[in-house]
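Student: Supplied in structure tokens, the structure appears directly below.
No lab work stands behind these numbers, since they all come straight from the coordinates. Just so we're clear, the structure is a prediction, and the values are computed from it rather than from any experiment. FYI the Cβ positions are ideal-geometry reconstructions off the backbone, even for glycines, and counts take in every protein chain you see.
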Amino acid sequence: MADSLIGSLLEELSREPEGYRPAVREDIAVGLASGAYLAGRWPCVLMQNSGLGYCLNALMSLNLIYRIPLLLVVGHRGYQGKDAPEHLVIGRHGEAILKKIGIPVFSPGARDLPRALGAADSAMRRKRIPAALFIRPGVLGGSAG
């Protein structure tokens, strides 16, 4: 599920029919992306951070165990405690949860986005594990609203 923080990226990807596949839930997206990696692609999964809970088991029991890399692009709802109440807990702890299970996390500002993307790519290729790019409000031009 995408939100306004990554909406511009989703719009751009939607223009490429071979480059984007929607999924009904985040764990399904992780499974589809894992299959894409096994078929020779370097996949990316777009989601709100509220979807992290749905995909943690897939990330731990599939991607981390079998060393299947993918990039998680996560809209960081609840960043700095500013958002609707339902986004605040995962907004406060989402990055730490991924770090705790061994997934590298990058949270760039708009100017640092290319560097962070390169670092995430390097981590995925070197360690053969997922990496996460948390997109804060304003990084891609969107807001949490």
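Student: Using only alpha carbon pairs under 8 Å that are at least six residues apart, calculate the relative contact order of the chain and give it in whole percent.
Tutor: 29
Student: In percent, how large is the relative contact order of segment 27-113, given Cα pairs closer than 8 Å and 6 or more residues apart?
Tutor: About 25 percent, as a whole number.
Student: Only loop residues by DSSP count here, and only those with at most 16 other Cβ atoms within 10 Å; note down the trypsin sites (Lys or Arg not before Pro) in segment 53-128 that meet that.
Tutor: Qualifying residues, ordered by number: ARG67, LYS82, ARG111, ARG128.
Student: On to the next question. If one computes the Cα centroid of segment 12-65 and of segment 94-145, what distance in Å separates the two points?
Tutor: 15
Student: So how do MET47, MET124 line up by other beta-carbon neighbours within 10 Å, fewest first?
Tutor: Going from least to most buried by this count: MET124, MET47.
Student: Can you check what the net charge comes to around ALA39, using other residues whose Cβ is under 15 Å from the Cβ of ALA39 (Lys, Arg +1; Asp, Glu -1)?
Tutor: So the environment of ALA39 carries a net charge of +1.
Student: Picking from GLY31, GLY81, GLY51, which is most flexible by a Gaussian network model of the chain using Cα springs under 10 Å?
Tutor: For the chain, modelled as a Gaussian network with Cα springs under 10 Å, the answer is GLY81.
Student: Specify the angular offset, from 0 to 90 degrees and rounded to the nearest 10, of the alpha carbon long axis of helix 88-100 from the longest principal axis of the alpha carbons in the chain.
Tutor: 30
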